[in-house]
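Each reported figure results from applying straightforward, stated rules to the coordinates on display, with no laboratory input. In this text the structure is predicted, and so the values were computed from the model without any measurement. Here the Cβ is made from the backbone with ideal geometry for all residues, glycine too, and neighbour counts use every protein chain on show.
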Amino acid sequence: MNSASPLQLDNHFVRHLPADPEQRNIRRQVSKACYSRVQPLQFPRATLLGWSQPLAAQLGLSPLQLGEARFAQIFSGSELLSGSEPFAQCYGGHQFGNWAGQLGDGRAINLGEMRDVNGQHQMLQLKGAGPTPYSRTADGLAVLRSSLREYLCSEAMHHLGIATTRALSLVATGETVVRDMFYDGNPKAEPGAVVCRVAPSFLRFGSYEIFSARNDIDSLRTLANYTIARDFPELPNATTPDADTYTAWFDTICQRTARLIVDWMRVGFVHGVMNTDNMSILGLTIDYGPYGWLEPHDPTWTPNTTDAQGRRYRFGQQPQIAMWNLVQLANALYPLINEVKPLEDALDSYRNTYEREWLAMMRRKLGLAQAEPDDKPLVEALLQSFSLTETDYTLYFRALARFDASTEVTGLPIALRSTWYDEQPGTKAEQAATEWLQRYRERLLAEHSDPSARANLMNATNPLYVLRNWLAQQAIDDAEQGKLDKLRELEQMIQQPYTAQAGKDHLAEKRPEWARQRAGCSMLSCSS
Ligand code: AMP
Ligand code: MG
């Protein structure tokens with residue numbers, strides 16, 4: 001079971017779950033199987049653009065030991081590690097509210113599993129290493145711009161303390177990929193890349209939905225039992241699950257999903273494509289596509305151009321969409337439980353956990369040590385005041401941590417004003433912001449708030465550095481020209497998001513005006 005050497009992969013998933021008998025790599029519907037075997041493409045000119053030192057250390061797999069050239073060969077899929085039986089997973093999903101049928105790993109190829117230094121199993125998965133039976137009409141490849149974004153953001157989320165799939169490496173394939181970035185009939189050749197993603201499991205809500213949709217309850221049960229034994233061993237009867245085990249499992253998924261979304265709302269992360277195939281069964285952030293970070297706080301904002309009309313996946317709707325997705329999962333798992341009530345109870349517990357944890361999180365964002373009945377209105381009034389003038393969601397809370405509550409509020413301190421995009425927004429916005437600050441000050445005085453304890457709590461909750469879209473885009477523009485300095489700088493920045501780093505003020509700034517409408521900086525297309 002345990003890999004004897006870090007270069008020996010284990011094929012636990014392959015050994016324990018039903019395989020697609022078809023060996024040819026042709027696009028097709030795959031029934032009664034969890035995966036299809038597939039070989040990655042060969043990229044002889046692959047080069048290493050970036051790698052995560054913390055994750056490499058955790059896996060004991062680093063280019064320092066393997067040599068950069070070999071590392072690039074392995075993590076582009078060109079050289080297979082010993083024992084690896086690569087495969088693509090079969091799953092389905094609801095996309096933008098509609099059942100989409102079979103989707104599957106169209107451009108992800110799983111290499112196998114290994115144990116990290118903590119003994120935790122981890123699956124290594126390449127994204128962009130070639131087509132699979134699930135590629136439908138697409139090519140199985142990925143471009144550098146979206147790969148760099150996934151690579152950086154996965155690690156950024158990890159260092160923010162948010163559950164996520166990880167990214168070990170970013171490798172340039174040395175080949176081009178054709179994409180019509182704006183869907184306007186102007187396709188262009190772009191540099192290709194492969195990201196090595198790492199997670200204990202890449203199973204998604206859609207992995208279960210596909211079997212239920214096909215009324216293949218045997219496969220559904222097989223996969224559910226596998227998942228529980230493998231990744232939820234703490235559940236009652238995890239190795240011989242019954243209806244109570246499945247119920248407890250679904251409840252755990254609901255709890256984890258609630259906590260995940262609270263974390264997204266804390267840091268202003270907008271996933272952008274919360275389809276059920278992009279919802280991890282482990283409650284991880286998964287599938288970084290046209291995601292974005294709030295700069296001005298705007299609950300209606302979505303980074304995804306494909307979603308610009310309906311804004312289904314806007315920032316403020318993420319909690320409701322997660323719930324909608326959990327309902328789809330509940331429907332899919334129903335045949336294992338055959339009772340509606342326990343599933344409804346778990347969904348209720350999602351709502352309750354989300355509400356409770358969201359308020360607790362917002363209290364920490366404000367540095368409040370105690371819970372008071374009026375906290376929710378206090379938080380809502382702040383968010384309301386953000387709607388009167390564009391306020392940088394990240395910088396505002398860092399500035400608020402420096403607010404001195406010992407003297408009366410007569411106007412808005414410069415530090416807070418400077419988090420506005422328009423620093424002279426007019427009296428209504430000024431008044432609302434000032435009145436809110438007075439209210440906040442009274443609240444702090446009432447709980448005898450200790451200034452340094454408050455600042456510490458706030459600065460551990462509110463990041464200073466987030467992966468602003470225009471920062472990532474600048475690193476992409478340079479990387480496409482072969483210049484990696486900005487990528488290196490961001491690799492460093494994301495590792496300590498809560499701590500001010502010397503000489504890095506330019507990474508903690510409001511979005512510059514030039515970035516407001518630029519592609520990649522404000523809105524992103526799904527074409528990646
Ligand atoms: P997404 O919503 O981007 O996570 O992708 C939805 C589905 O499309 C998944 O099944 C992906 O594997 C598939 N897909 C996206 N891009 C490609 C591509 N370039 N080649 C093959 N399949 C893709
Ligand atoms: Mg996906």
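Computed quantities for the displayed model
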{"item": "Per-pair calculated FRET efficiency, R0 = 41 Å: residue 360 and residue 243 via Cβ, rounded to 0.05", "result": "0.80"}
{"item": "Amide H contacts of residue 177 (H built 1.01 Å from N, under 5 Å, at least 5 apart or other chain)", "result": "190, 192"}
{"item": "At most 16 other Cβ within 10 Å, DSSP loop - trypsin sites (Lys or Arg not before Pro), segment 110-160", "result": "136"}
{"item": "Segment 174-229: trypsin sites (Lys or Arg not before Pro) in DSSP loop, at most 16 other beta carbons within 10 Å", "result": "214"}
{"item": "Helix-only [θ]222 nm of the chain, DSSP H runs n ≥ 4, -39500 (n - 2.57) each, per residue, nearest 500", "result": "-12500 deg cm²/dmol"}
{"item": "Ellipsoid semi-axes in whole angstrom, largest first, where each is sqrt(5λ) of the Cα gyration tensor of segment 370-449", "result": "20, 14, 12"}
{"item": "Size descriptor, Kirkwood hydrodynamic radius, that averages inverse alpha-carbon separations across segment 217-364, Å", "result": "16.1"}
{"item": "Rh (Kirkwood; distinct C-alpha pairs) - segment 34-119, Å", "result": "14.9"}
{"item": "Centre separation in Å (Cα based) which lies between segment 472-506 and segment 169-190", "result": "22"}
{"item": "Euclidean distance of C-alpha centroids, segment 398-427 and segment 67-131, integer Å", "result": "48"}
{"item": "Environment charge of residue 238, counting only residues whose C-beta is closer than 12 Å and scoring Lys/Arg +1, Asp/Glu -1", "result": "-3"}
{"item": "Lysines with Cα under 30 Å of residue 483, excluding same-chain neighbours fewer than 8 positions away", "result": "127, 188, 504, 510"}
{"item": "Rounded Å value of the spacing that divides the Cα centres of segment 1-61 and segment 210-226", "result": "22"}
{"item": "Degrees between helix 318-337 axis and first principal axis of the chain (Cα, 0 to 90, nearest 10)", "result": "40"}
{"item": "Calculated SAXS-style log₁₀ I(q)/I(0) at q = 0.09, 0.11 Å⁻¹ - the chain, Debye, Cα scatterers", "result": "-0.67, -0.99"}
{"item": "Distant-in-sequence amide H partners of residue 129 (H built 1.01 Å from N, under 5 Å)", "result": "109"}
